[in-house]
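K.L.:
One structure follows; several queries about it will come next.
Taken together, the values in this text are just the output of simple stated rules run on the coordinates, not laboratory data. The shown structure was predicted, so the numbers you read here are calculated from the model rather than taken from an experiment. Positions of Cβ are backbone-derived with ideal geometry, glycine not excepted, and every protein chain shown enters the neighbour counts.
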Amino acid sequence: MLDNYRLGVKKAPKVGLLGDGAGLLVFVAQVVNLVQVAREIFPAQEKQRDWTGLTSSLLATTAAGFGAAQGIVDTSLNAHATYLANNLKKAELIGVYAQVGKLHISLGVVGYLAGVAAAVMSIKSSYENWQDAVRKGNREAQAGATLSMLGNSGFIASNAYGFAHTVQAFRHVLAAEAGSAARTAAWAAAGTRLSTVFFRFNLAGIIFTALELSGSWFYNRHNLSAHDRWLLSTPWSLDPDQRKSLPLSEYQKALRGCVQAPHVEILPASNDSGVAQPRRFLLHFPTLSVSDLAQQLASSASSVLLNIGAYQAIREIPGRVGMPAQWRPLNEALQGCILIKRQSPLTLELIDIRSVINSAYPGNTDIVLSIQLGHAYRDGRYEGNLYDLRFPVTGESGHFPIQQITRQGEECAYFRIDPALIKTVDD
């Protein structure tokens, strides 16, 4: 086999060798990425390790490695087979094609399976990106995530196609009597058939890679945080379309608005140590403390003003028996559901959320918080920053950042967060 490989390499077309080199570079890049992911995961505490990223990277590396090996073997042995066919060496030709079949089956089963698993994990990540873009109302990022999902779906289909044909070819080989000329002929037939399958797989892979990469690029370009947008607006931005020329005070105000932006964290219901814990809603203010909200001595004002308003938002239900989106201000109904969970940085917990909801569709109902947050100026006025947060009452958990929301219906009333009037329950 090694002799046939060496002879084939000398006769292989340069285009094929360049393709094999590209496949090898992809494998090396995946190995580097795998090492980087491992270095980030293992220093962390065992409970904080996220094995999903490492598993996805390991599967992608396996698929790339076996795919590169298939490509190298296929190019060289097929080049040697072409030479033998041109010189009418039929017996040796069948032997080379039999070797091609054996290698495609042994390498293909693992490579295609790893490719399917890696693509499934990638499409899950792209779907989470799509959900995040939907939650933020970012249509451009939605389009990018959708394009990535199409590419990953194509990878699943192409790898499944390769795996199915590989298994079928192996079944035909096993159907022939072991050690017979029929078994050798079956291996040779598998070689020619799987070479064609591998060529189609690579051709489809180019298309789906282009879809996945372009979708990822489009998503990353438009999925910008508030801080990213602030950086792009500064004089040293490399994007002339977003670069602005503003007074320093305006840049400082905008940056402060990014840094102090609140976010909601939803902890799923759990049953740790046999004690049932309900779903929890935490509202984090990364730069605030209770002392910032407390009234100063000899003054009725605080250094920071924090007001909160809220809506109940029922998402649109499509279909003939569906209903349009419905919004209802919660006004003071939410005020009694707020506790101070941590004093610095300030964390508020929203308890008994279901008691303030008046919806026949709780699974389709969100809470929208409108938060007014501002530091006091020297003249006693407050800086105005308005943040909107939207999160589901049931279902999805995790972190929910600020987003731009188009409100509907009646404007909500705001209530002030005064530590003297809110119960504190520290962890």
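K.L.:
Roughly what % of Cα-Cα distances in segment 207-361 sit above 24 Å, to the whole percent?
P.N.:
On the way: 7330 of 11935 pairs.
Considering segment 207-361, 61 percent of its Cα-Cα pairs are separated by more than 24 Å.
K.L.:
Which FRET efficiency value, to the nearest 0.05, is calculated for LEU232 and SER355 with the Förster distance at 60 angstrom and r the Cβ-Cβ distance? Don't skip to the end; give the middle numbers.
P.N.:
Values: r = 43 Å, r/R0 = 0.71.
Between LEU232 and SER355 the formula returns 0.90.
K.L.:
Quote the Stokes-Einstein diffusion coefficient, in whole µm² s⁻¹, for the chain, based on the Kirkwood radius over alpha carbon pairs, a temperature of 4 °C and a viscosity of 1.567 mPa s.
P.N.:
Values: Rh = 26.5 Å.
Stokes-Einstein gives a translational diffusion coefficient of 49 µm²/s.
K.L.:
I've got another one for you. Among residues other than LEU255 whose Cβ falls under 15 Å from its Cβ, what is the net charge (Lys/Arg +1, Asp/Glu -1)? Kindly include the intermediate steps, with their values, before the conclusion.
P.N.:
On the way: positive: ARG229, LYS244, LYS253, ARG256; negative: ASP228, GLU250, GLU383.
Charge balance in the 15 Å sphere: +1.
K.L.:
For segment 207-277 and segment 164-187, what is the separation of their C-alpha centers, rounded to whole Å?
P.N.:
55 Å
K.L.:
Also, quick follow-up: Could you work out the relative contact order of segment 263-421? I mean the mean sequence separation of Cα pairs under 8 Å and 6+ apart, divided by the number of residues, in percent.
P.N.:
Numbers: 325 pairs, mean separation 46.2, N = 159.
Relative contact order comes out at 29 percent.
K.L.:
Suppose every Lys and Arg Cβ carries +1 and every Asp and Glu Cβ carries -1, with no other charges. What dipole size does segment 263-421 come out with about its Cα centre, to the nearest 20 debye? Display every interim value, and only then the final one.
P.N.:
Details: 13 positive and 15 negative charges, 35 e Å.
Its charge dipole is roughly 160 debye.
K.L.:
Tally Lys and Arg at +1 and Asp and Glu at -1 over the other residues with C-beta under 10 Å from the C-beta of ARG280: what net charge comes out?
P.N.:
Values: positive: ARG279, LYS341; negative: GLU265, GLU349.
In short, 0.
K.L.:
To continue, here is another question. Multiply the residue gap between VAL31 and GLN131 by 0.36 nm, knock off their C-alpha separation, and tell me the result in nm, one decimal place.
P.N.:
Result for the pair: 33.0 nm of gain on full extension.
K.L.:
Continuing with this model, one more query. Given +1 on the Cβ of Lys and Arg, -1 on the Cβ of Asp and Glu, and no further charges, what dipole in debye does the chain carry about its Cα centre, rounded to the nearest 20?
P.N.:
Numbers: 38 positive and 33 negative charges, 266 e Å.
The calculation lands at about 1280 debye.
K.L.:
Output the 0 to 90 degree angle, nearest 10, between the alpha-carbon long axis of helix 51-86 and the longest principal axis computed from the alpha carbons of the chain.
P.N.:
The angle comes out near 20 degrees.
K.L.:
Using the Kirkwood radius over Cα pairs, work out the Stokes-Einstein diffusion coefficient for segment 86-214 at 25 °C and 0.890 mPa s, in µm²/s as a whole number. Mind dumping the intermediate values first?
P.N.:
On the way: Rh = 16.5 Å.
It diffuses with D of about 149 µm²/s by this estimate.
K.L.:
Further, regarding this structure: Taking the Cα atoms only, what angle lies between the long axis of helix 14-41 and the longest principal axis of the chain, rounded to 10 degrees?
P.N.:
40 degrees
K.L.:
With angles folded into 0 to 90 degrees, how steeply does helix 139-175 sit against the dominant principal axis of the chain? Use alpha carbons for both and round to 10.
P.N.:
The angle comes out near 30 degrees.
K.L.:
For the chain, with the dipole built from +1 on Lys and Arg beta-carbon atoms and -1 on Asp and Glu ones, taken about the Cα centre, which of PHE201, ALA29, CYS412 lies farthest toward the positive end?
P.N.:
The residue sitting farthest along the positive end of the dipole is PHE201.
K.L.:
Continuing with the same structure: Using Cα pairs closer than 8 Å and at least 6 residues apart in sequence, work out the relative contact order for the chain, in percent. Don't jump to the answer; show the numbers that get you there.
P.N.:
On the way: 695 pairs, mean separation 52.1, N = 427.
It rounds to 12 percent for the chain.
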